[in-house]
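Let me begin by presenting the structure, written as structure tokens, before commenting on it.
Just so it is clear, none of the values below were taken in a lab; they were calculated from the coordinates. Worth saying up front: this structure is predicted, and the values here are computed from it rather than measured. All Cβ positions, even for glycine, are placed from backbone atoms using ideal geometry, and neighbour counts span all protein chains on display.
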Amino acid sequence: MTTARARPLALGLAFGFGAALSGCGGDRAAGGTDEPARMTTAYAGDDWPVYGGDPGGLKYSALTDIDRSNVADLEAAWVWETGEEPIPDAASPIQGERVAPGAFEATPIVINDTMWLSTPYSRVVALDAETGEEYWSYDPKAWEWGNLHRGCRFCHRGIAQWSDGSERRIFLNSRWRLIALDAATGEPIPGFGDGGEVDLTEGLAWDANRLHISNTSPAVVYDDIVIVGSGVPDNRIYRHNPPGDVQAFDVRTGALRWTFHTIPKEGEYGVETWEDESWSYTGSANVWAPFSLDPERGLLYLPVSTPNNDFYGGHRRGQNLFAESLVCLDARTGERVWHFQTVHHGLWDYDLPAPPGLVTIEVGGREIDAVVAVGKTAFTYVLDRETGEPVWPVEERAVPESTVPGEVPWPTQPFPTRPAPFSRQGITEDDLIDFTPELRAEALDVFRRHRTGPIFTPPSVEGTIMMPGLIGGAGWGGAAIDPESGHMFVKAYDDPFLARVAEAEPGAGDADYLPNFASTLSVAGGLPILKPPYGTITAIDLNTGDHLWQRPFGDDSAIREHPALAGLDLPPMGGTPQSHGTTSGPLATAGG
């Protein structure tokens with residue numbers, strides 16, 4: 001399966017590294033192992049060996065050739081296209097949807113002049129990083145099982161690699177499979193699992209519907225262990241939805257080494273936070289975002305997502321550990337070291353959507369090895385990475401009650417006192433669009449027909465205007481951190497959603513209320529109800545917790561050119577056409 005199915009070109013990938021790659025040097029075959037590129041805490045330089053550049057997920061390059069004086073002069077060095085397009089003859093379990101590639105969201109890894117990447121259809125491709133020449137392509141044929149039950153459908157964000165100095169392996173986690181490939185040839189490793197792959201459903205707490213399991217983010221490799229999370233649709237309510245277990249396997253044999261239950265089982269720490277034994281049938285609380293790793297301490301950091309269902313939790317009363325928590329594990333054993341829950345009894349799909357960053361900061365004259373997570377909540381959670389203790393106080397504050405029968409929200413939620421939120425939280429009339437009296441009146445009408453309030457106002461039958469929306473705050477692109485200065489750069493969405501639930505019809509699900517699907521709020525046939533900006537980038541000094549600056553980021557031409565805004569002198573709008581927000585994420589460099 002190392003020859004890609006022929007398809008017309010549709011998606012593209014362009015690189016303008018220029019001088020940044022000119023120092024890689026040497027003519028090495030794909031998968032060359034002259035330099036093992038083991039996982040250390042060194043920052044990314046000529047190589048980019050893991051998804052975030054380094055195991056700590058900083059998204060930082062120590063290279064200085066590209067800086068503010070020449071970045072505007074960059075040109076594409078080469079272009080490679082996936083060739084993927086819709087497959088009209090493929091079956092799909094989602095009625096009325098054809099199988100089609102989603103957005104290209106992968107971050108390649110680069111070692112010794114070879115680049116490996118994954119495509120929306122989960123193909124793995126090896127390229128010459130200097131020329132774009134394709135060495136090989138492996139197709140797991142993930143599309144044969146039809147569309148995926150997740151928002152981005154077919155998308156994939158990267159792969160992982162392991163080397164012992166004599167051989168190198170590429171790990172692809174696609175749908176419910178973990179596949180090991182020879183980095184030099186793209187052929188599956190015969191001795192790994194069954195013919196080169198492991199079935200990730202075999203070790204789960206209960207039999208799960210494979211079509212409801214997926215993977216978008218790369219695995220993490222620690223010594224001789226490869227560790228994977230999963231993607232599970234959390235907008236479905238039925239008993240025994242796939243659990244969000246995190247699993248670790250032997251890199252050579254594929255044998256299961258350990259499993260961590262993100263929803264505790266009987267006798268495990270935190271099981272009492274699931275009332276009425278709801279732990280025994282509740283699924284999700286998976287880790288769909290990438291992990292981060294401190295290889296020197298052997299600590300793994302999991303950004304855990306919401307349990308099912310996103311917007312109704314009457315069937316899972318309690319605090320619901322370890323959902324929407326940052327969890328620290330012993331990477332070798334899978335044992336919990338500490339946890340910090342960012343949302344109690346989640347009702348808003350406020351996942352931790354991105355890998356946390358590991359950075360050393362100086363606070364009040366004291367050096368702290370910190371872990372920094374950004375949330376869809378627009379909060380930044382800065383914790384001691386060894387103990388999980390917050391660097392600055394986090395206050396438990398009372399939040400609004402629910403109006404939905406059977407729903408019992410947790411009475412308080414954690415509010416970090418520093419840094420300040422990097423995106424709007426909650427919504428008032430002062431936030432509404434006011435470019436013209438007509439737009440203002442329409443926005444007020446929408447606003448007054450729904451429930452409104454501060455962040456953590458629960459969903460409702462009439463619909464609650466939720467801000468941040470379910471895509472953030474921070475999105476899957478997360479933040480980048482300059483370890484030299486301790487400055488963090490985070491992109492954010494400013495786009496409210498309507499969180500609605502509806503009483504379930506008999507037999508419709510295992511809950512009294514089902515989500516009536518959150519949706520964006522607009523006026524005049526497509527304009528956001530809020531004033532701009534709709535996307536921002538914020539710089540935060542992690543040594544002090546202060547915001548350094550915030551600017552609108554991006555520009556959505558569909559908004560700026562909307563007929564209702566014709567002839568107006570508009571401010572910077574921010575955002576992108578996809579969602580009035582910003583996609584992907586930032587990168588920090590030593591070049592500034």
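Couplings 3J(HN,Hα) of segment 280-293, computed from phi: 7, 9, 7, x, 6, 6, 8, 10, 8, 7, x, 7, 10, 9 Hz, in residue order, whole Hz [Karplus 6.51 cos²θ - 1.76 cosθ + 1.60, θ = phi - 60°; x for Gly and Pro]. The count of lysine pairs in the chain whose Cα atoms are under 24 Å apart, excluding pairs fewer than 8 places apart on the same chain, comes to 5. In order along segment 112-121, the phi-based Karplus estimate (6.51 cos²θ - 1.76 cosθ + 1.60, θ = phi - 60°) of 3J(HN,Hα) comes to 6, 6, 10, 10, 10, 8, 10, 9, x, 7 Hz; Gly and Pro are listed as x. Under 5 Å from the amide H of T589 lie the amide H atoms of S61, each residue being 5 or more positions distant or on a separate chain, with H modelled from the backbone and absent for Pro and chain starts.
If amide H atoms are built 1.01 Å from N in the plane of the peptide, which residues on other chains or at least 5 residues away come under 5 Å of the amide H of W258? Here the answer is A248, since their amide H atoms fall under 5 Å of that of W258. Segment 103-126 and segment 146-175 have their alpha-carbon centroids 9 Å apart. By other beta-carbon atoms within 10 Å, ranking E84, E167, E442, E362 with the fewest at the front produces E362, E167, E442, E84. In sequence order, segment 125-134 has phi-based couplings of 10, 10, 10, 6, 5, 7, 10, x, 4, 7 Hz under the Karplus curve 6.51 cos²θ - 1.76 cosθ + 1.60, θ = phi - 60°, and Gly or Pro positions carry x. Calculate log10 I(q)/I(0) of the chain for q = 0.06, 0.08, 0.09, 0.11 Å⁻¹, where I(q) comes from the Debye formula with a single equal point scatterer on each Cα and nothing for solvent. Treating every Cα as an identical point scatterer, log10 I(q)/I(0) equals -0.29, -0.53, -0.68, -1.06. If you take the square roots of the eigenvalues of the alpha-carbon gyration tensor of segment 440-511 and sort them as a ≥ b ≥ c, do you get rounded (a/c under 1.5), prolate (a/b over b/c) or oblate? It is oblate, given that a/c is not under 1.5 and a/b is not larger than b/c.
In plain terms, the chain from T428 to R297 could stretch by 42.6 nm, reckoned as 0.36 nm per residue minus the Cα-Cα distance. Across the chain, the mean sequence separation of Cα contacts (distance under 8 Å, 6 or more residues apart), normalised by length, yields a relative contact order of 10 percent.
Amide H contacts under 5 Å for E105: H156, restricted to partners 5 or more places along the chain or on a different chain, H placed in the peptide plane at 1.01 Å from N.
Would you mind ranking L514, L200, L542 so that the residue whose beta carbon has the fewest other beta carbons within 10 Å leads the list? Before the final figure, lay out the partial values.
On the way: L514 20, L200 25, L542 28.
By the 10 Å Cβ count, ascending: L514, L200, L542.
Every helix of 4 or more DSSP H residues in the chain counts as -39500 (n - 2.57), and over all residues that averages to -1000 deg cm²/dmol at 222 nm.
Based on alpha-carbon centroids, what's the gap between segment 46-90 and segment 196-248 in Å, whole number please? When both Cα centres are located, 27 Å separates them.
When both segment 379-418 and segment 521-567 are represented by their alpha-carbon centers, they are found 26 Å apart. Dividing the convex hull volume of the alpha carbon atoms of segment 53-121 by its residue count gives 180 Å³ per residue.
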